[in-house]
Number of protein chains: 2
Amino acid sequence: MTSVATNDLNTVKRAFNFSAGPGVVPEEVIRRTQEDLWSLFGSGVGVLEHSHRGKEFDRVLEEAIADCRRVGNIPDNYQVMFLQGGATSQCYQVPMAFLAEGETADYFHTGKWASDSLAEAKRFGHVHIAGSSEETSFDRIPDDADVTYSANPKYVHFTSNNTIMGTEWHRMPKSPPGDAWFVCDASSDIFSRPIDVTKYGFIYAGGQKNLGPAGTVLVIVRDDILEKQVRDLPWMLDYQLQAKKQSRYNTPPTFGIYLMGQVFKWIEEQGGLAEIEKINQAKAKVVYDTLDSLDFYKPHAREIDRSMMNITFNTPSDELNKKFIAEADEQGLVNLKGHRSIGGMRASMYNAFPHAGAEALASFMKDFAQQNG
Amino acid sequence: MTSVATNDLNTVKRAFNFSAGPGVVPEEVIRRTQEDLWSLFGSGVGVLEHSHRGKEFDRVLEEAIADCRRVGNIPDNYQVMFLQGGATSQCYQVPMAFLAEGETADYFHTGKWASDSLAEAKRFGHVHIAGSSEETSFDRIPDDADVTYSANPKYVHFTSNNTIMGTEWHRMPKSPPGDAWFVCDASSDIFSRPIDVTKYGFIYAGGQKNLGPAGTVLVIVRDDILEKQVRDLPWMLDYQLQAKKQSRYNTPPTFGIYLMGQVFKWIEEQGGLAEIEKINQAKAKVVYDTLDSLDFYKPHAREIDRSMMNITFNTPSDELNKKFIAEADEQGLVNLKGHRSIGGMRASMYNAFPHAGAEALASFMKDFAQQNG
């Protein structure tokens with residue numbers, strides 16, 4: 001990020017924002033965006049106002065794709081697309097495109113988003129549950145020993161990080177039979193650590209956690225899979241067409257693509273995914289160590305499946321949870337309330353979340369435990 | 001728009017941007033957005049970073065809906081929704097939701113978007129062309145005398161302004177038979193003039209022309225029509241569910257909704273749609289009068305069907321068209337190139353386009369005609 005002006009707009013003190021999504025955007029990216037809203041590339045036309053077919057947006061899109069490829073080490077035989085409707089739209093688009101009537105897809109049932117994905121898939125074909133953690137309140141990722149694939153799945157779907165539950169796959173699921181490929185909803189941990197794209201057929205990720213914009217969804221798909229569409233699809237839902245048109249079959253969410261592009265540049269400036277992972281590990285360690293060092297809190301996730309992005313925990317009572325959230329909020333530690341489906345607290349610390357925020361939370365947790373324990 | 005700070009970010013001289021979309025955003029809105037990117041409502045969290053379930057975004061959404069209702073004089077028995085995927089997604093979503101196999105919908109064929117809409121509808125049911133201007137290169141809106149509806153259309157679809165062709169409906173199409181309702185793609189002239197919503201069943205409009213954000217689409221639909229969905233739809237495509245969830249079935253495009261909301265506020269500050277129409281008429285008159293006063297230019301649209309938003313015209317040759325576009329660009333009159341499907345020039349002057357830009361174009365047109373005529 002070059003030539004970011006200092007300006008006197010940004011005088012309000014920023015909170016430590018633990019929101020699960022939309023979440024924190026890097027401050028350098030916000031400052032750059034403030035500039036580009038007025039005039040992009042010296043054009044006298046702001047980033048919101050450029051034609052999606054003009055040379056300035058050509059540059060935005062080309063850079064976003066190239067930067068994404070470099071950051072994610074994405075091979076040439078994968079397409080990078082920026083689609084609309086969020087990850088939730090991919091829940092139905094994937095089976096609508098790839099799962100014919102009578103065919104079976106295997107799904108891992110590890111939380112709410114996994115559950116929504118497999119429910120949508122049932123509209124289009126058979127769904128087999130390859131593994132589930134429902135019985136233990138989604139506190140874990142299924143062990144390989146407990147996974148059973150169907151005989152001939154078309155694809156295997158998993159959610160790499162379960163935002164609500166605070167669990168994360170720290171390995172790939174075991175290899176599926178036949179030529180099934182992995183479909184991964186990586187919305188809440190995309191680009192939080194290095195990723196070996198070659199192990200996946202289809203990756204999708206809503207932007208609003210690690211990539212910036214709500215609404216825009218990053219899709220990374222292997223070329224040969226685009227050939228496997230089983231239905232005649234409306235144009236907007238046709239991945240092959242969207243790939244051919246470079247995500248511009250219609251007017252794309254130009255600002256969302258711009259913002260993701262800026263976030264890719266920011267990730268590179270941090271040293272890429274290997275460095276980002278170290279930074280994220282350090283932040284998560286500060287909070288998990290605090291959780292573990294005090295008898296007061298109860299973490300939700302099984303230790304080996306703990307998410308680096310979303311840390312879920314409870315105090316001894318609902319009343320104390322409420323007090324925790326309210327008092328933290330007063331100290332500028334905001335959005336710590338857990339999802340309504342599991343309650344308690346959730347500290348989401350995505351890529352752009354500062355280390356100082358993790359330290360501040362740990363310190364608050366210690367004080368709160370001491371005063372209320 | 002209160003308390004907009006002066007800042008030294010915005011030093012680049014702004015061009016007169018004639019882009020057909022994404023198009024001009026009001027400068028007051030850009031300045032306000034620059035502030036809110038850093039911190040919204042004094043929260044210390046920027047507009048991009050707020051949870052879509054938090055109280056700050058609740059306020060953004062509630063205000064956007066209320067402001068939209070006030071600006072558009074939208075009755076209580078209509079829902080206001082902010083959906084994703086642009087107007088192009090509505091091309092298939094409307095027939096997928098409302099047109100059963102065997103049923104017929106009537107479409108007006110007045111240009112490219114109308115053509116795309118009716119092509120998508122053919123996937124789901126029968127399409128009857130109620131009127132077309134294809135034979136005259138889409139230079140007009142069909143006269144009532146040339147309109148023939150089918151016996152029992154489910155709905156009648158028209159495109160109120162044809163961005164590419166520069167034609168616009170200056171009246172409603174004649175009344176359809178039975179209980180058919182009007183579906184209108186109003187993407188390129190929504191809120192450019194007063195609108196009697198009660199004459200429509202379903203209105204959709206991509207945001208990137210008069211409302212701000214590309215990707216986000218405004219949908220205004222009468223309550224009883226939501227009951228008429230004919231298919232079991234994926235959740236994201238289910239209008240009834242989206243209405244029930246106030247556009248928040250999933251994480252909505254929060255920034256797009258924020259931006260539309262700011263544009264609604266700006267429209268009110270201009271005096272509402274009656275005033276906006278006068279301002280737009282005055283701008284269009286400056287350019288049309290210039291076109292008509294010189295023998296040099298050839299307007300594309302039939303006079304009575306001329307669009308107030310998009311003015312399409314040619315010089316005597318392709319070579320001069322190119323020269324016109326290049327020389328205008330040098331003078332800060334940018335994005336005047338016509339759509340590739342009809343060539344020539346197109347001057348798009350949406351709500352936020354300044355009157356001074358219309359004057360500058362007229363002046364340039366006179367000079368260019370003199371030098372090249």
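Please treat every number below as a calculation from the coordinates, not as lab data. Owing to the predicted nature of the structure, the values given are computational and were not obtained by experimental measurement. All Cβ positions, even for glycine, are placed from backbone atoms using ideal geometry, and neighbour counts span all protein chains on display.
Summary of computed values
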{"item": "Within 10 Å of each Cβ in A:35-44, the average number of Cβ atoms from other chains", "result": "5"}
{"item": "FRET efficiency estimate (nearest 0.05) - Cβ-Cβ, B:R171 to B:S363, R0 25 angstrom", "result": "0.15"}
{"item": "Unsatisfied cross-links (Cα-Cα over 32 Å) in the set A:K199/A:K285; A:K323/B:K245; A:K209/A:K366; B:K199/B:K322", "result": "B:K199/B:K322"}
{"item": "Rounded to whole Hz, the Karplus (6.51, -1.76, 1.60) HN-Hα couplings of region A:99-105, x for glycine and proline", "result": "10, 6, 4, x, 7, 10, 10"}
{"item": "Amide H within-cut-off set for B:F182, under 5 Å, with H built and near neighbours excluded", "result": "B:V156, B:G201, B:F202"}
{"item": "Inter-copy label distances at B:N73 (7 Å, Cα→Cβ; nm, one decimal)", "result": "6.3"}
{"item": "Average other protein chain Cβ within 10 Å of Cβ, residues B:10-23", "result": "6"}
{"item": "Relative frequency of Cα-Cα separations exceeding 31 Å in region B:47-269, percent", "result": "18 percent"}
{"item": "The protein assembly as shown - share of DSSP beta bridges that are antiparallel (%, nearest 5)", "result": "55 percent"}
{"item": "Debye log10 I(q)/I(0) for chain A, one point scatterer per Cα, at q = 0.08, 0.09, 0.12 Å⁻¹", "result": "-0.42, -0.53, -0.93"}
{"item": "Net charge over other residues, Cβ less than 11 angstrom from the Cβ of A:Q270 (K, R count +1; D, E count -1)", "result": "-3"}
{"item": "Added length on full extension, which subtracts the Cα-Cα distance from 0.36 nm per residue, A:K55 to A:K322", "result": "91.0 nm"}
{"item": "Over chain A, relative contact order from alpha-carbon pairs under 8 Å, at least 6 apart, %", "result": "22 percent"}
{"item": "Reach of B:K244 by Cα under 22 Å, taken over lysines that are not fewer than 8 positions away in the same chain", "result": "A:K112, B:K55, B:K228"}
{"item": "Label spacing, shortest first and in nm, from A:D295 to its equivalents in the remaining copies (7 angstrom along Cα→Cβ)", "result": "10.0"}
{"item": "Residues whose placed amide H lies under 5 Å from that of B:A130, excluding near-sequence neighbours", "result": "B:Y107, B:F108, B:H109"}
{"item": "Sites B:E268 and A:D144, calculated FRET efficiency, Cβ-Cβ separation with R0 56 Å, nearest 0.05", "result": "0.40"}
{"item": "222 nm mean residue ellipticity, helices alone, for the protein assembly as shown (DSSP H n ≥ 4; -39,500 (n - 2.57); rounded to 500)", "result": "-11500 deg cm²/dmol"}
{"item": "Inter-part distance where region B:101-163 and region A:82-147 are each reduced to a Cα centre, Å", "result": "39 Å"}
{"item": "Where labels lie 7 Å past Cα in the beta-carbon direction, separation of A:I304 and A:R70 in nm", "result": "3.9 nm"}
{"item": "Formal net charge of residues neighbouring B:A119 (Cβ-Cβ distance under 14 Å; K, R +1; D, E -1)", "result": "-3"}
{"item": "Using θ = phi - 60° and Karplus 6.51 cos²θ - 1.76 cosθ + 1.60, couplings along region A:174-182 (whole Hz; Gly, Pro as x)", "result": "5, 4, x, x, x, 9, 4, 10, 7"}
{"item": "√(5λ) per eigenvalue of the Cα gyration tensor, region A:272-372, largest first, Å", "result": "22, 14, 13"}
{"item": "Cut-off 10 Å between beta-carbons: net charge of the residues surrounding A:P316, Lys and Arg +1, Asp and Glu -1", "result": "-2"}
{"item": "Euclidean distance between Cα centres, region B:225-291 to region A:177-233, Å", "result": "31 Å"}
{"item": "Inter-probe distance in nm under a simple model that places probes 7 Å from Cα toward Cβ, at A:A356 and A:D295", "result": "3.5 nm"}
{"item": "Partner chain coverage, peptide A:205-214 - average Cβ within 10 angstrom", "result": "4"}
{"item": "Kyte-Doolittle mean at least 0.0 and Cα axial length at least 15 Å: DSSP H helices in chain B", "result": "B:86-98, B:254-269"}
{"item": "Under 5 Å, built H, 5+ apart or other chain: amide partners of A:E103", "result": "A:H126"}
